1. At 1.4 Å probe size, what's the solvent-accessible area of H224? Round to the nearest 10 Å².
2. Can you compute the modelled spin-label distance between T162 and W357, with each label point 7 Å from Cα toward Cβ, in nm?
3. Over the chain, with every protein chain in place, what whole percent of the accessible area is carbon and sulfur at 1.4 Å, could you tell me?
4. Helix 281-303 versus the longest principal axis of the chain: what is the Cα-based angle in degrees, 0 to 90, to the nearest 10?
5. Measuring from centroid to centroid over Cα atoms, what is the spacing of the stretch 204-252 and the stretch 275-294 in Å?
6. With a cut-off of 13 Å, note down the residues of the stretch 161-181 whose backbone N falls inside the zone around a label point 7 Å from the Cα of A197 toward its beta carbon.
7. When the dipole is taken about the Cα centre of the stretch 204-293, and only Lys, Arg (+1) and Asp, Glu (-1) are charged at their Cβ, what size is it in debye, to the nearest 20?
8. Express the relative contact order of the chain as a whole percentage, based on alpha carbon pairs under 8 Å and six or more residues apart in sequence.
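The values are calculated or read from the model by the stated rules, or taken from the named source; none is laboratory data. Only a predicted model underlies this, so the values are computations on that prediction, with no experimental measurement involved. Note that we place each Cβ from the backbone using ideal geometry, even for glycine, and neighbour counts take in every protein chain shown. The accessibility values were calculated without ligands, DNA or RNA, using every heavy atom of the protein model including side chains. Shrake-Rupley method; radii C 1.70, N 1.55, O 1.52, S 1.80 Å.
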Amino acid sequence: MFRKTILFLIFLFTVFLGHTQNAQLSPLSKISLLTVGTGEDLAAKFGHSAIRLQDPTLGIDEVYGYGTYDFEDPNFYLNFTRGKLSYTISRIPFKYFEYSYKQEKRWVREQVLDVNLEQRKSIVTFLEHNLLPENKKYKYDFLFDNCATRIPMVFEKTLGSTFDFDYNYLEDQLTFRQLIRLKLNPNSWSNFGIDLALGSVIDREATPYEHLFLPIYVYEQMKHTTLAEKPIVKTESVILDIPEQEFRSPIFLTPLFWLSIVLVLVCYITYTDYKNLRRNKWLDFGLFAITGLAGILILFLWFGTDHLATKGNFNSLWAFAPNIILAFMMIKKQIPSWIITYIIFLTILLGITCILWMFKIQVFSILLIIVLLALAIRYLYLIYYFKSKQLAKK
C-alpha cells in the first residue's frame, strides 16, 4: 500500500511539473537535441536521439526520449517478436541521462536550437501531451517510427511551415540495408542475423527524409535545417567526449569461423561418401533440419508479424521451410524416388537466390556464400548418389 501511495504521488508530481513547465518557462530556457553514440549491445549499435529542456530560472533540466520499453511487460518477448510491442516516451532528469551513457562509454553531443520562447513552449506542450497515459504508448517500428524519427516529427508539428530541411549535404542516398550496416561488423552474429531476418523491402533506396531513422543522420540534418530561413542550430557542444569503440569478438566466436567449419565438414564428409558411394544420414538430417527451421522462422517474420522490414524475404529460398519434413525422411533407409526431383528443385532455388543477389533484388550477407556453397556441394552429391542407386537397381 505504501509503495502504491509513493508511486501515485510521483505520478501527480510528474503531471504537475509538466503543466508548470508549460505555463512558466522563462526567457532563459533552452531546447536542444541530444545525440548519443553507439554502444556494445545490438540495441545500442545505432545510437539514440532525445530532446533536452533546460530552464535555470525554474531549476529544470529534463530529457525527453522516445523508444522506451518495459522489460517487466509479461508479454514483452512475444510482442517484440510479433512487432506489437508498445514503446513510450519518457522524461528523466538530465543528470541520470548523462550518467547512464557515461557508464556505457558512449559519446553525447548537444545542439542548442534557436527557437523563441513561444516555440519552446509549443515543443514542451507537445511533449507533455505525449507523456499523458493515454498518449504515451505507440507501436514501434525500427525503420519508420523510432527514437530518431520522432525528433523531426516533434519539430515539424510544433514549429510550423518555416521549419525546413535542406538535403543537399547528402552526397549519397543509401538503401536501408546499407544504412543499417554502417555500424555493424560484417563478421558478427548481429549483422548475419539482421541480414537473415530482414527482407528485400529494405534494399530500396531510402529517401533523404527516411535516412533520419538513424540518430547520426538526424544530428547531421539539423546542421542543414532552417527555421524562418535561419539556421535552427544555435550552438553545438560535446557533453561526453568518448571515442567510439570498435567491438570485435574473438575469431572463434564469429559466424565466419563456425560457418567455415560447417563447410569443411560438409566437404570432408561428402568426399568420403563419394569415395565409398554411401550417404551420411545424420549430416543430411542436420542440413535439412537447420534450413527447414530457419525457413519457418523467416516465414513467420514475413507473414506472422507486423514488422515491415521482414517482408519479401528471399532467404526463404535457400532456407526452405518444407526441409524440416524431409529431414526426418533423410534418416530412413528407404528414400522415395521423387526425392531426386525435390533436391534438384532445392538446387535451382540456390541458383535463383544468387540471381536475386546479383541483380540486387535482395542483398544477402556476404557470409551466405559459405552456406550456399555447402548446400550446393551436398545437394549435387545427393543427386548423384540417388541416381547411382537407381541405376544400380536397374
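1. 70
2. Placing both labels 7 Å beyond Cα along the Cβ direction yields 5.4 nm.
3. Of all accessible area on the chain, carbon and sulfur atoms account for 63 percent.
4. Roughly 30 degrees, rounded to the nearest 10.
5. The stretch 204-252 and the stretch 275-294 have Cα centres spaced 47 Å from each other.
6. none
7. Details: 9 positive and 10 negative charges, 128 e Å.
Here the size comes out at about 620 debye.
8. That works out to 17 percent.
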